[in-house]
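Nothing in this text is a laboratory measurement; each read-out follows from the coordinates by a stated rule. Only a predicted model underlies this, so the values are computations on that prediction, with no experimental measurement involved. FYI the Cβ positions are ideal-geometry reconstructions off the backbone, even for glycines, and counts take in every protein chain you see.
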Amino acid sequence: MKRLSLFNVVSLTLGFTFLYLPIVLLVIYSFNAGRSVAVWGGWSTKWYGSVFESQQLLDAAWITLEVGVLSASVATILGTMAAIALARHGRFHGRTLFSAMVYAPLVMPEVITGLSLLLLFVALNMDRGFWTIVLSHITFTMCFVAVVVQSRLSSFDRSIEEAALDLGCTPFMTFFRITLPIILPAVISAWMLAFTLSLDDLVIASFTTGPGATTLPMKIYSDVRLGVKPEINAICSLMVAVVTIAVVIASVLTKHQEVERERAERLAANAP
Amino acid sequence: MANPFQAQNRRWMVTAIPYLWMVVFFLVPFFIVLKISFSNSEIAQPPYSPVFDFLIDGWDETLDKLASLTTDNYLRLIQDSIYSSSYLSSLWIAGSSTAMMLFIAYPIAYGMARAPKSWRPTLVMMVILPFWTSFLIRVYAWIAILSEEGLLNSALTWLGVIDEPIQILSTNTAVYIGILYSYLPFMVLPLYSNLEKMDDSLIEAAKDLGCTQIGAFWRVTFPLSLPGVIAGCFLVFIPAVGEFVIPDLLGGSDTIMIGKTMWEEFFNNRDWPAASGVAIALLIILMIPIMIFQTNEARQQEAGR
């Protein structure tokens, strides 16, 4: 077994300290009894209490969750369709434009995506608010879904699909009985990616929102601009906790799925 | 029995639905931005003119309106120094933080690739995990650390390094720290996936042939890792140029970056045509790095096969 040199140990330690220290400090100071960000005033959970008493924060959190679930679900369906089109449908008419449209939003600065979607909604005379945020989030997250699902589609054994088609399955049934179960872990992690991207988005939501629809990042942003508030520490810590738990569960699930899949594939390969 | 016509139909829809969606919500908005960047700013609703409505205007008036389109917004981009200096300072801040990032990320990625195989998935997950927590939260966390009565100043005063608090928040230094922190995974992961695949025997061969440890690194490891370096640099550079949240929250009033200028043009001045012009110019500037990045990726995929 290789041993890590001192240099490697030091760089890993420093690197992970840099990555985690700010978040750890944020969580610790969310339990600070005092209002100050630097002076420790003893342990307290009162800021968590005031988070749950603030109707504005709760409303914003609820809207954010609704936007996230709705947009991630539609984006997962559309993005999976786009991934199938790119990975399975060969060279169709307009494929170059299509793949450019799918990949471009991945690197597009958010300010541009936000501005262009807003101008579209204005041109269409749509009332801006909850639904325009949902439409915008579907648009930019479905591209991430398409990339994640496509990489899974391009790495699996197509002969299973072909066998199903040969045995009289319709393409539709083949998808639901063969393809979808195999790519399901990728589809689920794509949904989670879309969901967290939607929860996280400040810029696009700020452009495309209207009266009455304030998402949590927008609320946090406007509070932060007015100065650091202990409640913000508390709500940020809650979000960190939720995300950490979700990611750990997801990675355990995918790990489990992968072990199962490998076992099944080994069994299939060894079958007479 | 399955109807073959129907099956063909569904297959066609799988492409058509997302295709149509992206045309309506990505391609069409882009042309609207392009059109508005040639419009005049107005104090009206919507705050620009002309507003085309072919059904009401008919042919002649549409032509008149076409004639009233202007290139003033682009002339202003060149003439007004606020725009040119925001473009230059965005490119400078993004470029120099990308270079600094390479110095920080390379040792981390290298250490991860050298770690025992059983640790590697955990290390990768530890790099990704902060990326899943909100971007805004990660930037916000630095406000408490860098502010005048913040944790860094308290720690330095307590250690006796400084006598009175130094200003870090609201300076470009804070913007650099914010970018380095927020985009670190984008640099570490491509470097790691490249270094991890590297064949150790090449380095052993170099050493056998008389190379020192450091010589072997510069002559073998680093040149072989260049595709990962390129991928990482562009993944950091491209979004950093258009960054808004970091310069807005961590930077000061003298921090000018193009994303922030565009935001202010839009939300504070309500000058939609100017904001559109800034957006189009930003896209044109980013087109070159995006194309280099995609060529690099395509070449990597070809090589992987």
- Message: Need one number: the % of Cα-Cα pairs in the protein assembly as shown sitting beyond the 31 Å mark.
- Response: 55
- Task: Give, in nm to one decimal, the length gained when the segment between B:LEU66 and B:LEU202 is fully stretched (0.36 nm per residue of separation minus the Cα-Cα distance).
- Result: 42.6 nm
- Would you mind giving the mean number of other chain beta-carbons within 10 Å of the Cβ of each residue in B:247-257, as a whole number? 1
- Item | Per-residue [θ]222 nm for the protein assembly as shown (sum of -39500 (n - 2.57) over DSSP H runs n ≥ 4, rounded to 500) | -24500 deg cm²/dmol
- Task: Over the alpha-carbon set of the range A:21-84, divide Rg by the Kirkwood Rh and report the Rg/Rh ratio to two decimals.
- Result: 1.25
- Task: Starting from the Cα of A:LYS219, draw a straight line to each of the lysines and keep only those under 22 Å, dropping any in the same chain fewer than 8 residues away.
- Result: A:LYS46, A:LYS229, B:LYS260
- Which values, in whole Å and largest first, are the semi-axes of the equivalent ellipsoid of chain B obtained as the square root of 5 times each eigenvalue of the Cα gyration tensor? 43, 32, 19
- Across A:87-98, the residue-averaged tally of Cβ atoms belonging to other chains within 10 Å stands at 2
- Given +1 on the Cβ of Lys and Arg, -1 on the Cβ of Asp and Glu, and no further charges, what dipole in debye does chain A carry about its Cα centre, rounded to the nearest 20? 540
- Task: Specify the angular offset, from 0 to 90 degrees and rounded to the nearest 10, of the alpha carbon long axis of helix A:95-107 from the longest principal axis of the alpha carbons in chain A.
- Result: 20
- Query: How big is Rg to Rh over the range A:54-270, alpha-carbon atoms, Rh as the Kirkwood inverse-mean-distance radius?
  - Reply: 1.04
- Does the range A:233-272 come out rounded, prolate or oblate, given a ≥ b ≥ c as the square roots of the eigenvalues of its C-alpha gyration tensor, rounded meaning a/c under 1.5 and, failing that, prolate meaning a/b above b/c? prolate
- Shape metrics for the range B:151-260, restricted to C-alpha atoms - Rg then Dmax, Å: 20.0, 56
- Task: Pull out the extension gain between A:TRP40 and A:LEU106, defined as 0.36 nm times the separation in residues minus the alpha carbon to alpha carbon distance; nm, one decimal.
- Result: 19.6 nm
- Looking at the P(r) of the range A:9-160, how many percent of alpha-carbon pairs lie beyond 28 Å? 50
- Query: For the range B:74-304, with the dipole built from +1 on Lys and Arg beta-carbon atoms and -1 on Asp and Glu ones, taken about the Cα centre, which of B:LEU129, B:PRO289, B:ILE214 lies farthest toward the positive end?
  - Reply: B:ILE214
